[in-house]
Amino acid sequence: MSGRTSYGISEELLVRHLRPHEDQHLRSTFAVVLSEPLLLTPESLKVSINSTQQRLHLQWHVHGLTSHQELKMVFQIEISRIKTSNVIWAGKYSTVVKWDQVLHWSWESELPLECATHFVRVRSLADDARVPEPRLWSRWTSWEEVDVQNSLGHDPLFVFPQDKLVEEGSNVTICYVSRSPRNDISCYLEGVKIYGEQLDPNVSAFNLNNVPFIRKRGTNFFCKVNESGVIKGIVLFVTKVLEEPKDFSCETRDFKTLKCAWDPGTDTGLPKYSSQSYSLFESFSGKKKVCEQRNWCTWQLTQDSQETYNFTLLAENHVRRRSVSISFNLTHRVHPMTPFNVVLENISATNASMTWKVHSIGNHFTFLCQIELHGEGKVIQQHNVSIETNGQYFLSELEPLTEYMTRVRCAAANHFWKWSEWIGQNFSTLEAAPSKALDVWRNVKSVLGSRTVTLFWRPPSKLHADGNILFYNIVIENLEKPSSLKLSIPAPANGTELTLDQGSYQICVTANNSVGTSPTSVIVISRDSGTEVVKEGRVQGTEDGFSISWKPLSGDAIGYVVDWCDRPRDQACDLQWENLGPKTTSTIISPDAFRPGVRYNFRIYGISTKRIAYLLERKTGYFKELAPSDNPPVVISNLTSHSFNLSWKDYSLDSQPGFIQGYHVYLKSKEEQCQPGFEKAVLSDNSVCCKHKIDSPEQKTFLVEHLQPESFYEFLVTPYTSVGEGPHNTFTKVTTPDEYSHILIHIILPMIFCLLLIMILCYVKTQWMREKCYPDIPDPYKSSVLSLIKSKENPHLTIMNVNDCIPDAIEVVNKLEGRKIHFSGAKKSLTETECTKPVYLYLLPTENYSSSGPCICFENFTYNQTASDSGSCGHVPIPPETPPSQVGLLTSPENFLKTLEKNYVNSLGEISARESSLNYVSQLALPMSGDKDSFPANPPVSEYKMQMAVPLGLTSPSPSENSSLSSITLLDHGEHCR
């Protein structure tokens, strides 16, 4: 019968599963196996720690295997914490065990090893196919204790782990260890207090889940003993997660060097820990290279290198490893170098030739090159061409006098991998004659028998100018008379003004540059141009602009033109026009320059085959209507006690912000009831008034009726459009008169008229009576008396001289108070208060007076006015050298008259109106010395010798004994004084 070992292994089965070369050896020892059990228990278990990595390192060996014997075994490991019964981890470790081999295994703890005592034990199981069933576990090794706290020192508080490095998003356990049991320790993570789990009286643990990356300097954690103030803490270094390299690829540019590149992703480096490192490993050759750069690495190729490569890129940091692999054929990863020596040759107005060179890679290596032509910042041409060493391409269909940029790049033609970098060159084509006729239009105005024609043209675009436009030629040809006129307008003008008569003209316009002339643009001005009258229609603008349609021209038309002003309110309205085809009867004018509240006028012309423009229609409208911005001025008329009339003028069409549809009349009063035709309305200021709506924009008057006499009203007239009405600004105030005031007016006005008529008649009558009763004083020089004097001896006799007569009397009239009349040598003076009636001073001739004839003086009472009103009166002063014993140089009448004549003019103005009045004194003309005998007894009073005005203040001194006058007589005061 078959025996069994102490481990229950059948001897027969054991021999059956042994390898042939072991068969002989085992057979020799078989007797020993049968007699003694096979000892496969782990022995010599030792446990060490790595505080930085928080790992337990185990090592042991297995006894019982013979020399050179190998056996596959499974080891079961258990780890306990704090006490042996508290198993926190159990697992298996499988390996092939050799004779006398020391086995190693490590385990990383999530709890810092310093925070608790750990226990470890191991047992084994032969898991080899040569060992028959049943396979039994060996006995456990004894518990191996690991206690780090005994070596911490004597500080009262410790925090672990120290300088821990973890990845962002991982879980971390932190603990503190105190030398004595305490309950006054508080812990903080980034200044925020946290609470943990107490493992024993001296240890508490804190589980931090999904740790975030805060800063490269680390995350702060500390604990504080509240009683003593002892603080202990750690820095938890959190790094970004190491990413797998992206876009890993390798390529060659010259079959000498292979360059591999990749996207490293986020840098995981920290101040205390370096960034991730990269290395290349090629599996076919078995070579490995550590890369110096984070995102690329070079690999040297040899002449006999293989065509296929298998690279593995390994990325690693202090926490983990990442790897990525690629496999490729070298000829499929060719990235050519940049072409060089790009040259543009044979440049004309429309063509150019381009050449370039490439770097040679190998014999018969074909390149695919791409050429791009750029103009105005965009690609306008693109071409591909295959070459080996040198490239050439002919660029055509270019625009004259245009700047271009051409560039080229190349790639492998057989196995495309990547394009090379671009290389480019700028060039400009030459000028050419303008290729397109100008877009020409006109505006015609008839003024006083002539016409003002304003020509407009749009400068040719760069595409059609083919160069720099220097000037514009204009040829004006009279179609009725064989005459023409040529004008040259320098660029950059886009129009000119012409003055033409009422005839028909053909105008030709061309653009010129340094090479040639553009095709001719022709426009015809007919006799009727500028005088057309058509009906105006309305058009409404939208967001897309103005949609305009018209009836086609009767007869053949070569096209249509719609013109308008972009700025109709400005003097320079900026005329715009749009040319349309002969089949077009509608268009949409885009709203690029249109503004709300502006009235735009459109004219539609049809162009005949003779190039004559016929005005077909007019359109007017608003891109967007607005409410009126102001109200019309209103005039009040026919104000009565019960009504008044309102009238206003129309707006200017250009100033209207929309089509006026009517008017609103607002009326305010103290009454709550509205007049007939009015309705109540609430204004923007929440005030209530009455409103009447006028639907017709043509109505400019309104009669406000049914009012109360002597009442106060306020009114406002505002227009309205389809958008809204004008502002509710200042109301005009009006007060109705009394009910009977108009009757009084009808009575008072005729009375006033009659009174004025009577006054006018009285004035006219007064003038007539004055002329009849108080005629003007005749002018001696113009008197008819002169014609009566017929003197044969002296035919030139006209007027008496003052020396021929002396006055007989001086009258003092209306002498005022306060003035005295002094006479030389008199003891008494006569005051003005004593004399209010005229005082007459008669001067009588002396006895020895030897006059040849009588001198008669008389008073003319028709002339009597104050000195201030007389232009020829004044005081006649008495000469101061006259002796006081004499009567004022009146020793003779001649001396007195000489004194009057001498001082008459000089004394004008010296007597004020309040001092004296003047009395006009006349004398009869005396016969000359030669006619003494012929003096009549009764001289005629119609002949005057002299007229004079004597001032009232003139007086004569009182007579004395030695006076040469015979007497001086003052009239009785009772007769002439008041």
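The values are calculated or read from the model by the stated rules, or taken from the named source; none is laboratory data. Predicted model, so just to flag it, every value in this text is computed and none were measured. FYI the Cβ positions are ideal-geometry reconstructions off the backbone, even for glycines, and counts take in every protein chain you see. Note: accessible area is taken over every heavy atom of the protein model, side chains too, but ligands, DNA and RNA are not part of it. Shrake-Rupley method; radii C 1.70, N 1.55, O 1.52, S 1.80 Å.
Quick look at the values:
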item	result
Leading residue by the ranking (farthest from the chain's Cα centre (by Cα)) among those in region 444-471 that are more than 15 Å from S521 (Cβ to Cβ) and outside any strand (DSSP E or B)	G449
Within region 659-764, strands (runs of 3 or more DSSP E) holding 3 or more residues that are in the same structural domain as G597 (by the TED database), in contact (Cβ under 8 Å) with a residue 40 or more places away in the chain and over 25 Å from P632 (Cβ atoms)	none
Of residues in region 181-198 being part of a strand (DSSP E or B) and open to solvent by 60 Å² or more (accessible area, probe 1.4 Å), the one farthest from E167 (Cα to Cα)	Q198
Region 335-383, subset charged (D, E, K, R) and either assigned to a loop (DSSP other than H, G, I, E, B) or in contact with a Phe, Trp or Tyr (Cβ under 7 Å, 6 or more places away or on another chain) (or both), residue nearest to Y393 (Cα to Cα)	K357
Output for region 472-486, where each listed residue is part of a loop (DSSP other than H, G, I, E, B) and farther than 14 Å from I523 by Cβ	E480, K481, P482
Breaking point among (1) farther than 30 Å from P492 by Cα; (2) touching a residue at least 12 places away in the same chain (Cβ under 8 Å); (3) not polar (S, T, N, Q), for V533	(2)
Of residues in region 641-658 being of a type in the set (S, T, Y) and not in a strand (DSSP E or B), the one surrounded by the fewest Cβ atoms within 10 Å (Cβ to Cβ)	S652
Residue selected from region 616-633 under the condition of a type in the set (A, V, I, L, M, F, W, C) and surrounded by fewer than 18 Cβ atoms within 10 Å (Cβ to Cβ), by the criterion nearest to A557 (Cα to Cα)	L626
Verdict on H364 being modelled with pLDDT under 95, more than 43 Å from the chain's Cα centre (by Cα) and on the phi > 0 side of the Ramachandran plot	yes
Residue check for F623: aromatic (F, W, Y) and over 28 Å from P709 (Cβ atoms)	yes
Enumeration of residues in region 493-503 that are in a strand (DSSP E or B) and open to solvent by less than 60 Å² (accessible area, probe 1.4 Å)	G495, T496, L498, L500
When residues of region 457-492 are limited to those that are of a type in the set (A, V, I, L, M, F, W, C) and open to solvent by 50 Å² or more (accessible area, probe 1.4 Å), the one nearest to A511 (Cα to Cα)	F471
Condition broken by Q708, with the remaining ones in (1) open to solvent by less than 30 Å² (accessible area, probe 1.4 Å); (2) more than 30 Å from Y622 (Cβ to Cβ) satisfied	(1)
Within region 520-531, tally of residues that are within 18 Å of K610 (Cα to Cα) and either open to solvent by 40 Å² or more (accessible area, probe 1.4 Å) or of a type in the set (S, T, N, Q) (or both)	7
Any hit, region 333-341, residues being surrounded by fewer than 13 Cβ atoms within 10 Å (Cβ to Cβ) and touching a Ser or Thr at 6+ places or on another chain (Cβ under 6 Å)	no
Positions within region 256-272 being in contact with an Asp or Glu (Cβ under 9 Å, 6 or more places away or on another chain) and either not charged (D, E, K, R) or not in a strand (DSSP E or B) (or both), in sequence order	L258, C260, A261, W262, P264, G265, T266, T268, K272
Top-ranked residue in region 504-519 [being in a strand (DSSP E or B) and within 13 Å of E477 (Cα to Cα); ranked as most open to solvent (accessible area, probe 1.4 Å)]	Q506
Criterion (in contact with a helix residue (DSSP H, G or I) (Cβ under 8 Å, 6 or more places away or on another chain) and open to solvent by 20 Å² or more (accessible area, probe 1.4 Å)) met by exactly one of S450, S435	S435
Test: residue in region 93-111 that is open to solvent by 50 Å² or more (accessible area, probe 1.4 Å), assigned to a helix (DSSP H, G or I) and hydroxyl-bearing (S, T, Y)	no
Which numbered condition E376 misses (of (1) exposed (fewer than 12 other Cβ atoms within 10 Å of the Cβ); (2) at negative phi)	(2)
Looking only at region 532-553, and only at residues there that are part of a loop (DSSP other than H, G, I, E, B), of a type outside the set (D, E) and within 39 Å of the chain's Cα centre (by Cα), the one that is surrounded by the most Cβ atoms within 10 Å (Cβ to Cβ)	V539
